[in-house]
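Peer 1: Here it is: the structure, laid out below.
Laboratory data are not the source of any read-out in this text; all were calculated from the coordinates shown. This is a predicted model, so every value here is computed, not measured. Quick reminder, even Gly has a Cβ in these numbers, built from the backbone with ideal geometry, and neighbours come from all protein chains shown.
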Amino acid sequence: EAGVAQSPRYKIIEKRQSVAFWCNPISGHATLYWYQQILGQGPKLLIQFQNNGVVDDSQLPKDRFSAERLKGVDSTLKIQPAKLEDSAVYLCASRFTGSTEAFFGQGTRLTVV
Amino acid sequence: QQQVKQSPQSLIVQKGGISIINCAYENTAFDYFPWYQQFPGKGPALLIAIRPDVSEKKEGRFTISFNKSAKQFSLHIMDSQPGDSATYFCAASMLYNNNDMRFGAGTRLTVKP
């Protein structure tokens, strides 16, 4: 079974630039999460989708972050404009409805300089 | 807002020893407590999880102990091996409320040969 796919693996941008991350969840998983993991910290939830609807985006900095999951499958997370403090690993995870286990991708490591 | 507190930050154990990582939570509505294992450059992977209706769960060398009244739970790794060297995260979530997980800050475990 293929896992959660994320791209790119690494990205270096200058502050005030924009960046986008892509996630392809495990087939059939209706729930999709984006997490931000700052070095030395645990993952922090940014947004949760159920199919193509947003369930929880209370911790998403909406002035600069946006996310979409148009067809209820793939998802993109965008940052515009990026700040130095956005440097982190962005993790995508997915979960099958009715299951308790979330599966994580390898993440995208973003460095803002 | 830290809802799950994890300790220690780092832990060094000799091969064959017992590794113990502790977590405490605040929200009594949490009803699912997973532990995730993360190797460098990889996303977190579910290791073992417990519901609050039991006080202990064991899977191989890994055991979760759960104390509902104290709002604490811990991971015990018996006969620790160098291959167990990784970062471990505890988490808590409310299964009935979208299952978004709140993670601890992580414990970096090093098992010396």
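Peer 1: I'd like the Karplus ³J(HN,Hα) series for segment A:66-72: coefficients 6.51, -1.76, 1.60, θ = phi - 60°, whole numbers in Hz, and an x wherever there's a Gly or Pro.
Peer 2: After applying 6.51 cos²θ - 1.76 cosθ + 1.60, I find 9, 8, 8, 8, 4, 10, x Hz.
Peer 1: At 7 Å along the Cα-to-beta-carbon direction for both B:R51 and B:A29, put a label point, then send me their distance in nm to one decimal.
Peer 2: About 1.9 nm, to one decimal.
Peer 1: Quick one: compute the contact order of segment B:13-74, relative version, from alpha carbon pairs under 8 angstrom and 6+ residues apart, as a percent.
Peer 2: 30 percent
Peer 1: What distance in nm lies between label points placed 7 Å from Cα along the C-beta direction at A:K83 and A:K15?
Peer 2: Output for this residue pair reads 1.0 nm.
Peer 1: Among A:D63, A:D74, A:D86, which one shows the highest mean-square fluctuation when chain A is modelled as a Gaussian network with alpha-carbon springs under 10 Å?
Peer 2: A:D63
Peer 1: If you build a Gaussian network model of chain B, linking Cα atoms that sit under 10 Å apart, which residue out of B:K58, B:K71, B:K42 swings the most?
Peer 2: B:K42
Peer 1: Percent relative contact order of chain B, based on C-alpha pairs within less than 8 angstrom and at least six residues apart?
Peer 2: Worked out over chain B, it gives 37 percent.
Peer 1: Picking from B:A70, B:A92, B:A49, which is most flexible by a Gaussian network model of chain B using Cα springs under 10 Å?
Peer 2: Looking only at B:A70, B:A92, B:A49, the largest GNM fluctuation is found for B:A70.
Peer 1: For chain A, give the share of DSSP beta bridges that are antiparallel, in percent and rounded to the nearest 5; count only bridges with both residues there.
Peer 2: Rounded to the nearest five, the antiparallel share is 90 percent.
Peer 1: With label points built 7 Å along Cα→Cβ from the Cα atoms of B:S65 and B:F39, find their separation and express it in nm.
Peer 2: Here the answer is 2.9 nm between the modelled labels.
Peer 1: How large is ³J(HN,Hα) for each residue in segment B:41-54, as worked out from phi by the Karplus curve 6.51 cos²θ - 1.76 cosθ + 1.60 (θ = phi - 60°), to whole Hz, x for Gly and Pro?
Peer 2: These are the phi-based 3J(HN,Hα) values: x, 10, x, x, 10, 4, 9, 6, 9, 9, 9, x, 7, 10 Hz.
Peer 1: For B:D100, enumerate residues with amide H under 5 Å from its amide H, sequence gap 5+ or separate chain, H modeled in the peptide plane.
Peer 2: B:M94
Peer 1: For segment B:77-82, what does the Karplus curve 6.51 cos²θ - 1.76 cosθ + 1.60, with θ = phi - 60°, yield as ³J(HN,Hα) per residue in whole Hz, taken in order and with x for Gly and Pro?
Peer 2: Residue by residue, segment B:77-82 yields 10, 7, 6, 4, 10, x Hz.
Peer 1: Give A:K11/A:K78; A:K11/A:K83; A:K44/A:K83; A:K44/B:K5; B:K5/B:K71 a once-over and call out the pairs whose C-alpha atoms are over 21 Å from each other.
Peer 2: Beyond 21 Å: nothing from the list.
Peer 1: Using r as the Cβ-Cβ distance of A:K71 and B:S10, and R0 as 45 Å, what FRET efficiency do you calculate, to the nearest 0.05?
Peer 2: 0.55
Peer 1: Under 5 Å between amide H atoms, partner at least 5 residues away or on a different chain: which partners does A:S87 have, H built in plane at 1.01 Å?
Peer 2: Residues meeting the criterion, in which the H sits 1.01 Å from N, are A:V112.
Peer 1: Ok, one more. Long-range amide H contacts for A:K15: which residues qualify at under 5 Å (H placed 1.01 Å from N, peptide plane, sequence gap of 5 or more or a different chain)?
Peer 2: Result for A:K15 returns A:V113.
Peer 1: Take every Cα pair under 8 Å in chain A that's 6+ residues apart, average their separations, divide by the length, and report that relative contact order as a whole percent.
Peer 2: Relative CO of chain A lands at 37 percent.
Peer 1: In which sequence would B:L95, B:L75, B:L46 go, from the one with the fewest C-beta neighbours within 10 Å to the one with the most?
Peer 2: Neighbour counts put them in this order, fewest first: B:L95, B:L46, B:L75.
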